[in-house]
Amino acid sequence: KMAQKEWNHPLKFVDFGADDEDDVLSTLRVATLNCLATAYTNPSQLSWLPPELLSWDKRKISILAALRTLDCDILCLQECDHYNDGFKEDLEDLGLSTLLAIRPSRLDGCVIAFKASKLKVVNTSTVDFNVLVDLHGGDHKFKKDNIAQLCLFQSLQGTRPFLLVANTHLYWNPLKAEVKLMQAAMLTRKCEELVAGKQITPTCLVCGDLNSLPGSDVFRYLEAGEVEALSPPCDRFLCDSDLNRLCRWLRILGLDAAMESKEESIQRTQHRNFSLLFERTRAEKRLLLTCSKRVVERAECPPCVEIGNRNLHQGIVRLFRYYPIVLDPKLFLTVCVKCNGAILAQKDWGTNETAALDAHQRSPVVNPSAAQKNSLPGSGLAPLFMCSSPHCRQVYWMSCSARSSSMRSKQQAADLHDLICRSRGQQQAQEVEKGAEELATSDLGVAASFYRSKCASSHYPMPKKDVVSGSIEVSDFRAQPAFSDFLRHTLNLRSLFSSSFLEDGPRTKTTSISTIRNNFHGLIDHIFFSESHFRCLRRLELPTVEEMRMSQLGPHASLPCKSWGSDHMVVACDLAWLLAPQTTAQEKEDKQVTK
């Protein structure tokens with residue numbers, strides 16, 4: 001019944017200020033729309049719409065009617081998969097020239113349409129976000145087949161200034177915020193690269209389906225010019241059952257590394273049920289390490305790193321190179337390799353195991369003397385250690401024999417530390433020498449300092465470490481993408497949905513939306529513009545979710561419907577292109593601070 005009801009897309013504009021022609025080069029009407037690709041119109045997903053209304057020929061009628069009314073100067077389209085099936089000609093009938101960029105391994109893509117009477121193309125570029133896989137050491141969670149389309153225009157009016165237009169469609173999954181943020185960071189970098197060395201300062205427009213709500217990290221990054229980089233929890237790890245060796249290595253390095261349980265492994269490998277593993281990862285706030293692409297590609301997968309089990313040395317290098325993990329040689333050999341419990345030094349160890357366990361419950365932990373060396377337990381001279389887990393109680397001691405497990409673990413820690421530090425670059429070479437000095441004087445690790453206090457939690461949490469700090473700029477985006485506290489760009493953008501454009505300030509329950517489908521609704525389609533070169537005159541008014549549910553579509557309103565062919569609405573505005581750059585709000589604030 002809902003499918004048969006009519007809903008007319010609102011095409012009313014809200015005015016924000018007078019159009020002062022004295023300082024304006026021209027006025028541009030800019031719009032963006034996700035057309036809804038045919039691949040995503042499966043009848044099972046759009047059960048409220050009759051199959052005969054799902055065809056593109058039916059859906060495009062209402063879309064073209066709205067675009068004809070809007071009469072845009074610049075139009076950015078996403079999920080456009082019928083470009084060569086007559087849609088290009090349909091756009092040309094609206095007086096628009098077009099440029100197409102196809103997504104890798106997909107049939108749909110992005111289209112920038114423009115009026116050739118106002119703008120001419122200078123340069124174009126397509127950004128494939130799949131290259132983030134290589135930039136992050138082969139991490140396949142970044143392989144999402146999303147793209148951005150860039151076009152550098154030159155105005156045919158006045159002083160003929162340049163205009164850079166970016167049209168993009170970012171990844172959809174709300175659980176993968178770090179993927180969307182890195183895609184946005186790469187987009188801004190490519191925009192800066194496109195004009196670098198051309199001795200021009202173009203105005204900039206960033207349009208598209210960003211799959212990001214106002215206030216999200218992507219939104220704040222684009223508008224504020226910087227945002228704190230998302231870093232997954234990198235002091236606690238959870239390894240799947242195929243990475244037992246890697247798990248032992250991490251424990252040798254003094255890191256908190258848990259193993260996938262037998263039940264979790266059976267559910268994952270035999271029943272394709274990942275819920276137990278994912279729930280535990282989130283509950284314990286760990287970074288999941290796996291060699292399964294099936295795990296990485298799951299939409300509900302928590303923060304995760306893919307590690308190839310064929311070359312674990314390469315895998316551990318990738319992990320430490322691209323994630324903010326701090327190695328402290330003083331913590332090496334302080335975690336039980338059997339159960340991940342903390343290794344504690346013991347005073348007055350008895351020869352009777354039961355008495356030793358009882359003594360462990362009563363006696364305080366001490367720092368044994370490094371001078372006491374004896375490979376025989378129970379002699380009264382050897383500094384003995386015990387796992388703090390009541391279910392393990394593994395005993396450790398230092399042996400001078402090269403074949404002993406303690407010496408082999410010590411050498412393994414030294415080799416891994418050397419490998420990791422050198423892979424991170426020559427600037428960290430000093431860490432190698434420092435670690436070598438620490439290990440050279442060690443007893444069990446370094447017996448005088450390889451000591452862990454009692455764990456208060458039943459999970460035996462590791463001490464919290466500081467994350468490596470720094471600043472990511474365009475030049476070192478590839479070098480260490482996850483080792484910085486902030487991502488930055490210099491495009492000086494302002495959102496069309498900035499709070500200053502709302503009459504009553506930011507709205508909460510009555511926020512405008514650009515999409516509503518099933519149980520999801522939100523404002524995820526955006527237009528960002530150079531604040532110093534543009535002034536927003538008008539914005540197309542979008543409905544709120546309450547207005548949609550009170551419309552003829554009813555309380556279960558969803559798009560598309562009979563009278564609108566996409567699950568997204570058009571986002572549009574009129575921008576005054578200024579003759580001279582104006583002072584931005586941030587620049588005014590900086591001047592006040594200086595004064």
Given a cut-off of 30 Å, name the pairs among LYS120/LYS141; LYS12/LYS88; LYS143/LYS330; LYS143/LYS285 whose C-alpha atoms lie farther apart than that in the structure shown. LYS120/LYS141; LYS143/LYS330
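When Lys and Arg each count +1 and Asp and Glu each count -1, what net charge do the other residues less than 14 Å away from THR168, Cβ to Cβ, add up to? List each step's numbers first, then the result.
On the way: positive: ARG103, LYS144, LYS180, ARG189, LYS190; negative: GLU79, ASP108, ASP128, ASP145, ASP209, ASP525.
Net local charge, THR168 excluded: -1.
Quick one: net charge around GLU279, please, counting Lys, Arg +1 and Asp, Glu -1 for every other residue with C-beta under 15 Å from its C-beta.
Numbers: positive: ARG268, ARG280, ARG282, LYS285, ARG286, ARG298; negative: ASP240, GLU260, GLU263, GLU264, GLU284, GLU300.
Its environment carries a net charge of 0.
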What net charge is computed for the residues neighbouring ILE74, neighbours being all others with C-beta under 10 Å from the C-beta of ILE74, Lys and Arg scored +1, Asp and Glu -1? +2
Amide H contacts of ARG236 (H built 1.01 Å from N, under 5 Å, at least 5 apart or other chain): LEU287
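State the percent of C-alpha pairs, over all pairs in the stretch 176-257, separated by a distance greater than 17 angstrom.
Working: 2046 of 3321 pairs.
Value for the stretch 176-257 (Cα pairs over 17 Å): 62 percent.
Give me the 1.4 Å probe accessible area per residue for the stretch 1-129, excluding ligands and nucleic acids, in Å². Write out the running numbers ahead of the final one.
Working: 6100 Å² over 129 residues.
Accessible area per residue, the stretch 1-129: 47 Å².
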Quantify, in whole percent, the carbon and sulfur part of the accessible surface of the stretch 54-161 (1.4 Å probe; protein heavy atoms only). 47 percent
Carbon and sulfur: what percent of the stretch 257-310's accessible surface (1.4 Å probe)? 45 percent
Quick check on packing: order 30-41, 127-138 by the mean number of other C-beta atoms within 10 Å, highest mean leading. 30-41, 127-138
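The values are calculated or read from the model by the stated rules, or taken from the named source; none is laboratory data. All figures in this text were calculated on a predicted structure; none of them were measured in a lab. Reconstructed Cβ throughout: ideal geometry from the backbone, glycine too, with neighbour counts over all protein chains shown. In case anyone asks, the SASA skips ligands and DNA or RNA and just uses the protein heavy atoms, side chains included. Shrake-Rupley method; radii C 1.70, N 1.55, O 1.52, S 1.80 Å.
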